[in-house]
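Please treat every number below as a calculation from the coordinates, not as lab data. Computed from a prediction, not measured in an experiment: that's the story for all the values here.
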Amino acid sequence: MRKTWQVVKMFILAGASALILAACGGGGGGTTPAATTISGTAAAGAPIIGSVTIKDSSTPAKTKTVTIAADGKYTVDVSDMTGPFMVRADGYVGGNEYHLYSAGTTADVGGTINVTPLTDLIVANIANTVASNYFESGNFSNLTATELKTESDALKAKLLPVLQAVASAIPSTSCGVRSAPIIAVSMPLSM
């Protein structure tokens with residue numbers, strides 16, 4: 001009986017050791033591979049049906065175009081591209097054609113760059129011109145994460161009082177779950 005228990009313990013120990021070694025991936029250092037993609041959502045009140053083009057700041061500039069998924073999401077491999085990046089979403093929402101812009105830096109690789117009317121406005125404010133001119137000029141190699149954050153924060157500061165005023169203008173008597181007027185926001189105000 002004692003010998004059987006020792007054999008059982010040995011099998012349990014061997015099995016546990018095998019599981020631990022398998023979980024470790026067989027050695028090899030444990031470093032996480034570098035992020036190589038940029039993802040996001042392209043929307044103008046609803047998902048944009050179309051494509052996203054990312055343009056880098058190398059000379060000559062490289063571009064990559066991918067199809068936007070039905071939910072507005074996209075992912076682009078930028079492993080062979082140089083930041084900062086400009087992003088353009090081209091497509092349709094409810095039969096209306098849209099060409100919207102956004103931007104990001106190397107710090108956004110592995111992260112999110114959404115493309116919305118608000119990101120288009122942020123880019124235009126940074127560039128002091130319409131966003132499409134900034135994209136086409138390719139003159140965005142000095143774009144910084146600080147500029148993007150500063151302009152995003154400034155836009156949020158301007159919009160927040162308006163959104164709060166609209167929300168407070170809804171009469172409290174019309175707070176039915178199904179019938180109350182609502183403002184649909186498909187993405188948080190983090191641009």
| task | Work out from phi, with θ = phi - 60° and the Karplus expression 6.51 cos²θ - 1.76 cosθ + 1.60, the ³J(HN,Hα) of each residue of region 130-141, listed in order in whole Hz, and give x for Gly and Pro. | result | 5, 4, 4, 5, 5, 4, 5, 5, x, 9, 10, 5
| request: For residue 103, enumerate residues with amide H under 5 Å from its amide H, sequence gap 5+ or separate chain, H modeled in the peptide plane. | output: 87
| task | Taking just the C-alpha trace of region 37-163, give me its Rg and Dmax in Å. | result | 13.7, 43
